[in-house]
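Enquirer: Shown below is the structure under consideration.
The values are calculated or read from the model by the stated rules, or taken from the named source; none is laboratory data. Because the structure is predicted, anything quoted here is derived from the model rather than measured. For accessibility, only protein heavy atoms count, side chains too; no ligands or nucleic acids. Shrake-Rupley method; radii C 1.70, N 1.55, O 1.52, S 1.80 Å.
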Amino acid sequence: MSGASHNTGLTRSPTSSLSGVERVAYAIWYRSKARLKDALARKDPRAPRNSSQGREFPPEIVEMIIAHLVYDIPTLKACAATSFSWYNVAFPHLHHTMIFRNPSSGAQSPLLNMLSSAHSLGLLPYVKKAQFHNESPKTRFIDSSIFDSRNMRYFRALTNLQYIAFKDLDFYSFAFLGFQKHFGHFSPTLRSVALITPRGSCRRILDFLRVFPKLDDIKICGYRHEGRDHGSFDGFLTPIGGGLRGELYLKNFNDEGLLRDIIVAFGGMRFTSMYLESVDGVPLLLKACADTLETVRVHPRAELDYPASPFFDLSYNTVLRSLEVPLRLAGHDRMVKLQSTITSPVFSEVVVVFSEEVVIFPRNLLADVLRRMYENKEVGVVFCAEKSEKSRQPTVQRLKSHTRDAVEDLERIYGFLACPPLVCSRPVSSFDYSLSKFVPPTRFRV
């Protein structure tokens, strides 16, 4: 009786001022609740109360649930402890990434102990991402000693590795043209490579990249030209003719010659997404991916690099759909000139990107720039907050709430848009998120 009177009170108070469509929605909602309660009440009383069969979801539903939790490790661990079916789905995600810190040689090295432990538990085939971090104050670079004979037996057990990242890798420590020996076993599966402040000539870096013919994504951060080594290309390099179909991420990169060699070595570039910040050779990249580039994100490094000149000319890119700009540059007048170079018939949105620490918009200036961009071509506007994968859900919800509030406050200012700005967030791996704030140290030359 109390439940009936409670429902009556809920349906009476709000519906007096509702439209006809909203009244129908309320009716459907409460009838659905009633049918669900009736179905639960008719459950077979003879079924045992501790039966796990009645509580199990279909595998497809479990996979969908786990897919939303891949960045929430504590929740994944709780799911894995629920039942065997949940454990089987959550287990690969829990061991998806291995992070190696301060690698060193020696039988008692932390790296060797970590690999041997993971191998004894049968975890290495589940690893798809491997990251090598140099955090030791005694050694400036990671060298080839981490790939000694003792460790190689475990590295070869990483049979499903798709992504590998090195911070401070010394390519000079490897024997010339010896990368196939150390990394060749990754070539059937590896799709992404990240090199942070690598030490080596462009020839050695190119030899390393050519080991992976199926490579799609390349990230290089903090690299400066260090020469070409003896035995540079003699003009008879056989192109691989494949790969490079994903994302190109370049930050603080000043070796245009290496870019030209990569184009020759792989028989061209086919990247669909680019992140370019303080990069030499931008026109070369844009022309190389004229027929494939769909999303580009620009971070000009100085006044001379702003699109006042053809330095950033997007007229070549015929399938460009999205232009991403950082919040600190979105209100700059030069962004209007950059957008005016776009001739792609499918260009449809401008994405203003900001980090989870920033939710305050330069309101009037930003709105004025977006209005002028909209006058050039009617496009949608998206405010996208990038968050670290380690951000807890309450933090993400608070971020979205603050962002929506800011956009609602600007409803009058953005009245020129055909529809209100879209607010969203996207997770970024902790490693990649750190790159957005990365400032390379002063490098020495050899």
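Enquirer: Provide a single number: the residues in region 222-245 that are farther than 16 Å from Gly257 by Cα and modelled with pLDDT of 90 or more.
Expert: 2
Enquirer: What is the number of the single condition among (1) open to solvent by 20 Å² or more (accessible area, probe 1.4 Å); (2) under 24 Å from the mean Cα position of the chain (by Cα) that Pro239 does not meet?
Expert: Of everything listed in (1) open to solvent by 20 Å² or more (accessible area, probe 1.4 Å); (2) under 24 Å from the mean Cα position of the chain (by Cα), Pro239 misses just condition (2).
Enquirer: Can you pull out the residues in region 105-133 that are at pLDDT below 80 and open to solvent by less than 60 Å² (accessible area, probe 1.4 Å)?
Expert: Gly106, Ala107, Ser109, Leu111, Leu112, listed by residue number.
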